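Below is one structure, written out as structure tokens, with a few remarks after it.
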Amino acid sequence: LVACDAAATHSAPIVYIPPPPPESRSFLLGLNPFPHDFTLDALDEAFEIAGDHADLLFYHLDNGVPWPEALAGEAYHAAVMDNLDDLVSRRKPGQKLYLAITPNAPERNQIALYNGAEESMELPPEWRGKTFSDPDVVSAYLNHARFMLEFLKPDYFAYGIEVTCDFTGPQDPLINEFIVLAEEVYTTLKAENPGLPVFLTVCTGSFQTDDLDTLMASAERVLPYSDYVGISTYPYWIVPGMKIKEANPADLPDHWFTQWAALAPDKPFAITETGYPAEDLLMPEYGVKIKGNAAWQADYVAFMLESLDELGAEFVAWFIPRDYDQLYDYLTEQYGEFQFYKTWRDTGFYDGTGSARPALSVWDQWLEAPVEDG
């Protein structure tokens, strides 16, 4: 990886020399059509980027579950269906799809919020306090997963997102609660869809623990209910032993991805979501000050894709196509300052003005390489 010294400064223009292009690749390159602003034009642009710079479309639906409707087998709210219809219409003919849904809330330690009427995401009173192992939760979520599979017809399906993020360790009672759901949902869906990859995504970092062995042990508890070792990794944020002041990928261990794949070497490996900052991440509310720049972002992409090819991985999904400066400003104006939204704001392949970053050229070189058979 070659980046000139000036690239590490903010006063000089970035001159990035990408690595030589690969001859082939084992994996698909996926992008999430996450819009940079709360407008239809921004959403259109996000889908255009995903269509032009990926061969795998990534739908990350972490916006709740229609719990009572799913349990009763009733029709979903019109707002839910309108959104799903839009997703179906935007998928290009023949375009492969990775769909991720989840039974857990953004905090990852409780069941998902309610996705129904637009004006409220609060759980209905009778659903508050229910856990992952509750029979109603298990039955409703299985019905919901079946419906989403039939409606969106993905090529890859994650039925749980970042499920280990809030486990304190492999003996956490929350894991046992979750496994009740996972066993029923996974075994049923695999029996009904034997050719479809059905899997969970696990976290490579957590606010509950900074011990890597603990994180991996938690992941091992849920991997029997997953076809893939699928990791959600944002290693600039929380990586045990990595400098917190700089997001320099040179500080990442060479085996960062390999060690996760080794948790279940008989299962395919995938990066189910990732990103890396091209600007400094400053969150005074949380005491966070992490240096970042576009050259380091490009270095991370090169390191990641080379590692994936060595592992014979299935796919990688990049989360943010363009920095969402405008969306951040909109959310701040509507709901007040919430600095945690900055975490991924500057991880796009395009900056906030829509200009391409060097990481995109590295990504596109791999996109141009043919995918190996098998």
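The values are calculated or read from the model by the stated rules, or taken from the named source; none is laboratory data. The shown structure was predicted, so the numbers you read here are calculated from the model rather than taken from an experiment. Using ideal geometry, Cβ is built from the backbone for each residue, glycine included, and neighbour counts are taken over all protein chains shown. All accessible areas refer to the heavy atoms of the entire protein, side chains included, with ligands and DNA or RNA removed. Shrake-Rupley method; radii C 1.70, N 1.55, O 1.52, S 1.80 Å.
Some points to look at:
- Considering only Pro20, Ala302, Ala219, and ranking their Cα positions along the charge dipole of the chain that arises from unit charges at the beta-carbon of Lys, Arg, Asp and Glu, the one farthest toward the positive end is Ala219.
- Considering only Ala317, Ala72, Ala278, the Gaussian network model of the chain with Cα springs below 10 Å gives its largest mean-square fluctuation to Ala72.
- Computed label-point distance, nm, for sites Asp373 and Glu107 using a 7 Å Cα→Cβ extension: 5.2
- Surface share of carbon and sulfur [accessible, 1.4 angstrom probe, percent] for the chain: 52
- Between Gln334, Gln95, Gln259, the Gaussian network model of the chain with springs among Cα atoms under 10 angstrom shows the greatest mean-square fluctuation at Gln334.
- Were the residues from Met81 through Asp210 laid out at 0.36 nm apart, the gain over their Cα-Cα distance would be 42.4 nm.
- Projecting label points 7 angstrom from Cα along Cα→Cβ for His255 and Phe38 puts them 4.7 nm apart.
- When you work out D = kT/(6 pi eta Rh) for the range 138-282 at 10 °C and 1.306 mPa s, using the Kirkwood radius from C-alpha pairs as Rh and the Stokes-Einstein form, the result is 98 µm²/s.
- Percent of C-alpha pairs per 10 Å bin in the range 169-250, short distances first: 17, 41, 27, 13, 2.
- Using a simple spin-label model with pseudo-atoms 7 Å out from Cα toward Cβ, Asp136 and Glu285 lie 3.3 nm apart.
- Debye equation applied to the C-alpha atoms of the range 241-322, log10 I(q)/I(0) at 0.15, 0.16 Å⁻¹: -0.61, -0.68
- Taking all protein chains into account, the per residue accessible area for the range 65-209 stands at 43 Å² (1.4 Å probe).
- In straight-distance terms, cross-link reach from Lys190 covers every one of the lysines whose alpha-carbon lies under 23 Å from its own, apart from those fewer than eight places away in the same chain; here that gives Lys96, Lys153, Lys267.
- Whole-number accessible area per residue in Å² for the range 246-374, which is evaluated in the context of all protein chains at 1.4 Å: 40
- With Cα atoms as the point set, the range 230-374 shows a radius of gyration and Dmax of 15.9, 50 Å.
- For Lys342, the lysines whose Cα comes closer than 23 Å to its Cα, not counting residues fewer than 8 places off in the same chain, are Lys243, Lys245, Lys289, Lys291.
- Chain lengthening between Asp155 and Asn176 when straightened (0.36 nm per residue, less Cα-Cα): 4.7 nm
- A Gaussian network model of the chain, with springs between Cα atoms under 10 Å, assigns the largest mean-square fluctuation among Val180, Val137, Val163 to Val180.
- Among 83-94, 51-62, 145-156, 188-199, the peptide with the highest mean count of other Cβ atoms within 10 Å heads the list, and the full ranking is 51-62, 145-156, 188-199, 83-94.
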